[in-house]
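Peer 1: Following this message is one structure expressed as structure tokens.
The values are calculated or read from the model by the stated rules, or taken from the named source; none is laboratory data. None of these values were measured; they are calculated from a predicted model. No Cβ is skipped: glycine too gets one built from the backbone with ideal geometry, and neighbour counts run over all protein chains shown.
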Amino acid sequence: MKAVEIHNLKFSYLGNEEPSIEVENLTIEDGETVLITGRSGGGKSTLVNCITGIIPHITHGELEGSVKVYGNDVAETSLAKLSSEVGIVLQNPETQVMNYGVEEEVAFGPENLCLAPEEIVSRVDESMKTTGISEIKDRETYTLSGGEMQRVAIAGVLSMRPKLLILDEPTSNIDPEGTARVFDILEQLKEEKTLIVVEHKVERVLPFVNRIIVVNDGKIFLDISSHDLIHHIDEMQEVGIEVPIHFIYARKYGIDLEDLESIREKLLEIKAIPTAPSRSPESNTLMKTSVRVTAPNGTELVKASIDLQESHILALMGRNGAGKSTFLKGIMGFLEIDLKSEINVVLAGKDISKEHIMDRGREIAFVPQNFDLTLINKSVETEVAYSIKKRKISEYKKRVDEIMELFSLLDYRYRDPLGLSLGQRRRVAMASAIASGVKVLMLDEPTSGQDYFHKEILGKELKRLKDLGYSILIVTHDSRFVYKYADRVVVFDHGEKVLEGVPEKVFRESGKFSVIPPSDFLLREGLK
Amino acid sequence: MNWLIVNVISWLLFFFGAAFPILIVLRVIGLTGFMRITRFESFHTFYYRMNPSIKIMLGLVVTIVAAVTIWWIGAIMTAVILLTYFTLKDGKRKFITGFFLTMITIIGTTWAFAPYTPYTILQQAFHVTALTGIWAWPSYFTVMGYQPELTMQGLIYGFQISMRFTAVSLISLVLVMTSTPSQVLRALNKVGIPISITFSLVVAMRTIPRIFEYIDTSVKIQFMRGLGSTAPKIFRPFYMLKGAIYAIVPVIVFLVRGAKDTAISADTRAFRAYPKRTNMYPITIGSVDKSALAVMTLVMLITIVAVIMGLGRAIPYS
């Protein structure tokens, strides 16, 4: 039986002349597990929205052709009816989960279907069991970690008992531990349902899928069996998709193997093991920080010290709830007023621990994960100029131009920052953060939700800033990004610093703290 | 008195009504305090066990009583409701937050009425011909609608009016703190309010704590970027207010981007498939609800008696 049948699909968003997706023919059989990948803005989400019925029922535009899900014409069938055939889990569980209680969130769909209470209870129990959230059923959803919340979101969709389940970048906002749990669920579900996973992280999804569809520039660029991936590495890289590093080396040296350890052995034989990324040598300490934060009930949330060296990139890693964000907040003076804290921040020999946020801001800049919240001006130029003007820095026009050039923003100088693409908005936020001449830049989860292409741009920007003398502290879950760009890594666990050193050293032990070493490191150092 | 001193004191008094509540919000309650009293936390005391429909009714009863009776009945209700905050989860902190919120309401309302209320109304309200002047405003303050002098009767009048709002705001927060949005949705649907309207309310209840969090982040980052860095410390609360105003657009845009996901999440889970919904745990009327109904009936009877006895809304209050 066919789960999805698409013929001559063409969809353009309102106001766009060019179609965002064009698919001549696409069929997905019942029981298949398919990865849909591609660069951000390439048309992946538009394609899955056409399958779920979000297009045309919620998002309107010019739609041609036909999309059928288990024989139902999507355009002609109500979303309510489709919801029992196809379910979708979105990228950000925070916006998807709308109820306060875990159990009531899972029951939301069945209650909408007006099912009998006994049937609702049965479906809720089944979905919670599948996703492993039965033990947290009485918790409030806002107290959950990102990984837990994503599992609740999945359970909320599973309780509709859809035959086809679509997961749109289900792990982009969660830590490795949460990611592993989500993939465990996928492993379990692939036996029961047709699965479509939209994901940038090809390497992580590969073991679960039997087919890969690459969408690029609104068209299906590649449609292959997952076992054939190794033969299409060049094409994948050509369109900016992150592929497993061992596949790249296997292809490069003609090794007809898929397993990382086997490829590594071959590479050792032919002395072609990749070299480690270059790192900045040890330098003087620019900022010494020590943060101790206690909750009103006396629980110690963080007790750790970190030193940041001059012109260095330091990555702070650890599972959700390890205290990374609280540590950053402590350094910046962002802590909630009911928390007790002992903070010491000495920057270039000057103790700034007692200074107000606006004074700390002369030395330290911060870009939060939700960087859109920092964009308060009407144009990119005024956004970048904001802190320069407020701090009354001379020759501000020249400086604004320099910074906009540094972040390739000159072409957008008169555009509204909030109207730009995700990558451009992040660049505006970074540019405006450093504009007033700070020495330290701190970024919270800058890689979250970014595709390979945009992460590479970010990494290069950070390296450039480092070369210009900035010291950078980033909080991230992305091991591959850290391995490639960070000079040092600190790992937190339960509010304490448990590992510190260069990535090559830290990744040897980081697995036990839920920081999974990247394949680049494993290919070089081995699985043991 | 020296012209300059009069002007300085007058402007300080002018800003007091706006700045003091803001100062309390920022220094004592904090945005996290607001989050604490605008979101649900599960617990087991009577408010949490009460049927949400009964809690909505309780809110209506408090509103009616505060609106139709003499000010001190509103004050008594305020005190009683505030004391019941001790029964909430983390009750002491919620009581303190509720207390300061009440102070803000009183100061804000008093300051909103005292300088503006015409003397003729105050004379009628207090049955006096001569009012007790406390402070004479500079003459140009009349352009802003101010009376020539701030009077004791004006302040009392403003305070009495604030008692119309305090009990109502406290009991509304009880509903928010002790009911999940979906419980409210069920209760409102039962009384026939369309599902799409109640759903908007539910999403709003879920969103309000986040709004405080996002505005807090945005304002702090504006300070880091130099907002108010060249101004004296005393003006920081005003810059905080300015920062919060600037934060409104990015916060709304951010929320609207998320709201589309919320709509998709609801609609792809059969929301509005039928005019009504069923419930996993049907709502029942328990002993707590029966007790609450009895208390409400008693309060309404007392109100009717009080109004008949002349303790109604009419001016004068005394």
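Residues are listed down the side, and each one gets a yes or a no for (1) crowded, with 24+ Cβ neighbours inside 10 Å; (2) under 17 Å from the mean Cα position of the chain (by Cα):
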site	(1), (2)
A:LEU473	yes, no
A:VAL482	yes, yes
A:ALA486	yes, no
A:GLY495	no, no
A:GLU500	no, no
A:VAL515	yes, yes
A:SER519	no, no
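Peer 1: If I filter the range A:465-483 for residues that are basic (Lys, Arg), touching a strand residue (DSSP E or B) at 6+ places or on another chain (Cβ under 9 Å) and within 27 Å of A:VAL293 (Cβ to Cβ), do I get at least one hit?
Peer 2: No, the range A:465-483 has no match at all.
Peer 1: Counting residues that are of a type in the set (Ser, Thr, Tyr), which helices (runs of 4 or more DSSP H) fully inside the range A:376-475 reach at least 2?
Peer 2: A:380-390
Peer 1: Just for helices (runs of 4 or more DSSP H) wholly inside the range A:63-135: which have at least 3 residues that are touching a residue at least 40 places away in the same chain (Cβ under 8 Å)?
Peer 2: A:93-96, A:102-112
Peer 1: Mind listing whichever residues of the range B:115-151 are over 28 Å from the mean Cα position of the chain (by Cα), part of a loop (DSSP other than H, G, I, E, B) and either surrounded by 18 or more Cβ atoms within 10 Å (Cβ to Cβ) or touching a residue at least 24 places away in the same chain (Cβ under 8 Å) (or both)?
Peer 2: Passing the criteria: B:HIS127, B:VAL128, B:TRP137, B:PRO138.
Peer 1: When you look at A:GLY31, is it part of a loop (DSSP other than H, G, I, E, B) and surrounded by fewer than 23 Cβ atoms within 10 Å (Cβ to Cβ), yes or no?
Peer 2: Answer is yes for this residue.
Peer 1: Please determine whether any residue of the range B:54-65 is within 14 Å of another protein chain (Cβ to nearest Cβ) and within 30 Å of B:ASP216 (Cα to Cα).
Peer 2: No, the range B:54-65 contains no residue that is within 14 Å of another protein chain (Cβ to nearest Cβ) and within 30 Å of B:ASP216 (Cα to Cα).
Peer 1: So if I check each of B:THR97, B:THR69, B:THR84, which one is under 30 Å from A:LEU339 (Cα atoms) and buried (at least 21 other Cβ atoms within 10 Å of the Cβ)?
Peer 2: B:THR97
Peer 1: Turning to a different aspect of this structure: Are there any helices (runs of 4 or more DSSP H) wholly within the range A:181-253 with 3 or more residues that are without any contact (Cβ under 8 Å) to a residue 24 or more places away in the chain, and if so which?
Peer 2: Those helices (runs of 4 or more DSSP H) span A:233-238, A:245-252.
Peer 1: I've got another one for you. Quick one: count up the residues across the range A:136-166 that are aliphatic (A, V, I, L, M) and either surrounded by fewer than 17 Cβ atoms within 10 Å (Cβ to Cβ) or free of Cβ contacts under 8 Å to residues at least 40 places away in the same chain (or both).
Peer 2: Residues that pass the stated criteria total 1.
Peer 1: Mind listing just one residue for me: the one in the range B:250-267 that is at the interface with chain A (Cβ under 7 Å from one of its Cβ atoms) and under 26 Å from the mean Cα position of the chain (by Cα) and, of those, farthest from A:GLY109 (Cα to Cα)?
Peer 2: Top of the filtered list is B:PRO250.
Peer 1: Pick from the range A:1-28 the residues that are hydrophobic (A, V, I, L, M, F, W, C) and assigned to a loop (DSSP other than H, G, I, E, B): which of them is farthest from A:SER84 (Cα to Cα)?
Peer 2: A:LEU14
Peer 1: Take B:LEU175 and decide whether it is over 21 Å from B:GLY312 (Cα atoms), within 25 Å of the chain's Cα centre (by Cα) and in the same structural domain as B:ASN279 (by TED's automatic domain parsing).
Peer 2: no
Peer 1: Out of the range A:42-68, which residues are within 12 Å of chain B (Cβ to nearest Cβ) and over 21 Å from B:ARG257 (Cα atoms)?
Peer 2: Result: A:ILE51, single match.
Peer 1: Okay, next question. Filter the range A:376-414 down to the residues that are within 14 Å of chain B (Cβ to nearest Cβ) and charged (D, E, K, R), then identify the one that is farthest from B:ILE215 (Cα to Cα).
Peer 2: A:ARG399
Peer 1: May I pose another question? Filter the range B:228-286 down to the residues that are in a loop (DSSP other than H, G, I, E, B) and of a type in the set (Phe, Trp, Tyr), then identify the one that is farthest from A:LEU90 (Cα to Cα).
Peer 2: The selected residue is B:TYR281.
Peer 1: Being under 14 Å from A:ASP175 (Cα atoms), assigned to a loop (DSSP other than H, G, I, E, B) and out of contact with any Cys (no Cβ under 6 Å at 6 or more places or on another chain), is that true of even one residue in the range A:493-512?
Peer 2: For the range A:493-512, residues under 14 Å from A:ASP175 (Cα atoms), assigned to a loop (DSSP other than H, G, I, E, B) and out of contact with any Cys (no Cβ under 6 Å at 6 or more places or on another chain): absent.
Peer 1: OK, next. Would the range A:359-370 turn up any residue that is within 8 Å of another protein chain (Cβ to nearest Cβ), more than 29 Å from the chain's Cα centre (by Cα) and not basic (Lys, Arg)?
Peer 2: Among the residues of the range A:359-370, at least one is within 8 Å of another protein chain (Cβ to nearest Cβ), more than 29 Å from the chain's Cα centre (by Cα) and not basic (Lys, Arg), which makes the answer yes.
Peer 1: Another question about this same structure. Restricting the range A:507-517 to residues that are free of Cβ contacts under 8 Å to residues at least 40 places away in the same chain and not small (Gly, Ala, Ser), which is farthest from A:LEU267 (Cα to Cα)?
Peer 2: By that ranking, first place goes to A:LYS512.
Peer 1: Just give me the residues in the range A:348-368 being farther than 26 Å from B:PHE235 by Cβ and buried (at least 16 other Cβ atoms within 10 Å of the Cβ), in sequence order.
Peer 2: A:VAL367
Peer 1: I'd like the residue in the range B:272-292 that is farther than 14 Å from B:THR198 by Cβ and either surrounded by 16 or more Cβ atoms within 10 Å (Cβ to Cβ) or basic (Lys, Arg) (or both) and, out of all such residues, is nearest to the chain's Cα centre (by Cα).
Peer 2: Applying the filter and picking the extreme gives B:ALA292.
Peer 1: Of all residues in the range B:181-193, count the ones that are surrounded by fewer than 22 Cβ atoms within 10 Å (Cβ to Cβ) and free of Cβ contacts under 8 Å to residues at least 60 places away in the same chain.
Peer 2: Counting residues in the range B:181-193 that are surrounded by fewer than 22 Cβ atoms within 10 Å (Cβ to Cβ) and free of Cβ contacts under 8 Å to residues at least 60 places away in the same chain gives 2.
Peer 1: Quick check: is even one residue across the range B:189-198 within 11 Å of chain A (Cβ to nearest Cβ) and farther than 24 Å from B:THR63 by Cβ?
Peer 2: yes
Peer 1: List pairs: first residue in the range A:419-441 and farther than 14 Å from A:VAL380 by Cβ and within 12 Å of another protein chain (Cβ to nearest Cβ), second residue among the polar types (S, T, N, Q) and not in a helix (DSSP H, G or I) anywhere in the structure, Cβ distance under 9 angstrom, at least six positions apart or on different chains.
Peer 2: From the range A:419-441, the pairs are A:LEU422/A:SER40; A:LEU422/A:GLN450; A:VAL440/A:SER471; A:LEU441/A:SER471.
Peer 1: OK, next. Only residues that are among the hydroxyl-bearing types (Ser, Thr, Tyr) and more than 10 Å from B:GLN153 (Cα to Cα): list them for the range B:118-140, please.
Peer 2: Hits for the range B:118-140 are B:THR120, B:THR129, B:SER139, B:TYR140.
Peer 1: Scanning the range B:210-232 for residues that are among the aromatic types (Phe, Trp, Tyr) and at the interface with chain A (Cβ under 7 Å from one of its Cβ atoms), which turns out farthest from A:SER387 (Cα to Cα)?
Peer 2: Top of the filtered list is B:TYR214.
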